[in-house]
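Working notes, structure below.
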Amino acid sequence: MKMDDAYEGSLSKSVAPAAPPLPGPATSYHQKGLVMNGLPLRGYSCVSTAAKDLWERLFDSGYKADVTIYTDYNGIIYAHANVLGMASPVMKGMLNQSKGHGRWRSLSIHGVPQDAVRVFIRFLYSSCSEKADMEDYVLHLLVLSHVFVVPQLKRECERQLEHGLLSTENVVDIFQLALLCDAPRLSLVCHRMILKNFKVVSDSEGWKAMMQSHPVLEKELVESVLDEDHKQKERIRKLKERKIYLQLYEAMEALVHICRDGCKTIGPHDKDFKEDQAPCNYTACKGLELLVRHFAGCRLRIPGKCSHCKRMWQLLELHSRLCDDSDVCRVPLCR
């Protein structure tokens, strides 16, 4: 045997090495279809809980921090410029223009509670927030996410407000805030709640404050309520018209059925009625049969004298206007 043949034979008999084991639970490998923070994950994520905890510890400890954030009441929060700049383009620009001592740079965030600022900065590190913090500072976080352009946090605030934190007491305030923060979906949800619960909302403290601070917005909301009420009445009117139209259509069908085929005990004079006659499929036949019997025996058949006969005259006239084949039609007075 040649050496080349022996070498090829040994290759054909060799077994491929086993594949390495899949990552275990410690890696926390997220696949498609899973959800994080109420939002579906796109693709795959190798970020584990330990990694998120590591980012939060980095923020809590302030290890090698190089940014000082000043808040109301002389509050100070330490952070890292690289993290803030990557999470928020607005902060990146502010840090580039900031002057500090040595490696330290400073930012100022005023007008919101210090704890709200801390929750906001923590989110920039880990993209996570506690439920209790969201319930306490959701409005402040919505404003901060809008001002510093953090779309992930902004969407989360909108979701939390839409699914539980929105009420008739705070809907007016949140509606105004949604308009200022360019949150169209949230403003639409608030607007619908105001229209649906206008009587209760108009008695709230938020509505009274809006009347003083934003009378133009209050006027627009009242006009939208009136417009919605008008549309509702118009929908009801059209539904009633459609119902009447369907009733008249069924009455026309039943009238032709009675005069042409006969129904149970009433019909044309040459109709031979049978005791085992099949049941009628026209729901309007029962009432129309009583009306026809009354019309046949009423002594006040002059239009306007008897209300029942007036209805019968109207049905006959309507049928004559709609009938396309009056020459062979068996409905009385059709021609």
Please determine, by comparing only the residues of the stretch 101-114 that are assigned to a loop (DSSP other than H, G, I, E, B) and in contact (Cβ under 8 Å) with a residue 24 or more places away in the chain, which one is farthest from Phe148 (Cα to Cα).
Arg103
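Residue by residue, here is whether (1) closer than 17 Å to Glu223 by Cα; (2) touching a residue at least 24 places away in the same chain (Cβ under 8 Å) holds:
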site	(1), (2)
Cys157	no, no
His163	no, no
Val171	no, yes
Leu177	no, yes
Arg185	no, yes
Val189	no, yes
Val201	yes, yes
Trp207	yes, yes
Within the stretch 215-259, track down each residue that is over 23 Å from the mean Cα position of the chain (by Cα), open to solvent by less than 90 Å² (accessible area, probe 1.4 Å), of a type outside the set (D, E, K, R) and under 18 Å from Val201 (Cβ atoms).
Pro215, Leu217
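Test Val172 against the stated conditions and say whether it is in a helix (DSSP H, G or I) and surrounded by 15 or more Cβ atoms within 10 Å (Cβ to Cβ).
Here the answer is yes, as Val172 does meet what is asked.
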So, in the stretch 67-88, of the ones that are part of a helix (DSSP H, G or I) and open to solvent by 80 Å² or more (accessible area, probe 1.4 Å), which residue ends up farthest from Val143 (Cα to Cα)?
Asn82
Being at pLDDT below 85 and under 45 Å from the mean Cα position of the chain (by Cα) narrows it down to one of Gly267, Gly287, Gly262, Gly304, so name that one.
Gly287
Do you know which of the residues in the stretch 175-214 that are over 29 Å from Phe148 (Cα atoms) and of a type in the set (Asp, Glu) is most open to solvent (accessible area, probe 1.4 Å)?
Glu205
What number goes with the only condition from (1) open to solvent by 10 Å² or more (accessible area, probe 1.4 Å); (2) modelled with pLDDT of 95 or more; (3) of a type outside the set (Phe, Trp, Tyr) that Gln160 does not pass?
(2)
From the residues in the stretch 66-115 that are out of contact with any helix residue (DSSP H, G or I) (no Cβ under 8 Å at 6 or more places or on another chain) and aromatic (Phe, Trp, Tyr), which one is modelled with the lowest pLDDT?
Trp104
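Conditions (1) open to solvent by less than 50 Å² (accessible area, probe 1.4 Å); (2) farther than 15 Å from Leu180 by Cβ, marked per residue:
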position	(1), (2)
Phe120	yes, yes
Ser126	yes, yes
Asp133	yes, yes
His140	no, no
Ser145	yes, no
Gln152	no, yes
State all residues of the stretch 196-229 that are in a helix (DSSP H, G or I) and in contact with a Ser or Thr (Cβ under 8 Å, 6 or more places away or on another chain); if no residue qualifies, say none.
Val200, Val201
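The values are calculated or read from the model by the stated rules, or taken from the named source; none is laboratory data. Bear in mind that the values here come from a model prediction, so they are computed numbers and not experimental data. Positions of Cβ are generated from backbone atoms using ideal geometry, with glycine treated the same way; all protein chains shown enter the neighbour counts. Side chains are part of the model used for accessible areas, which takes the heavy atoms of the whole protein and leaves out ligands, DNA and RNA. Shrake-Rupley method; radii C 1.70, N 1.55, O 1.52, S 1.80 Å.
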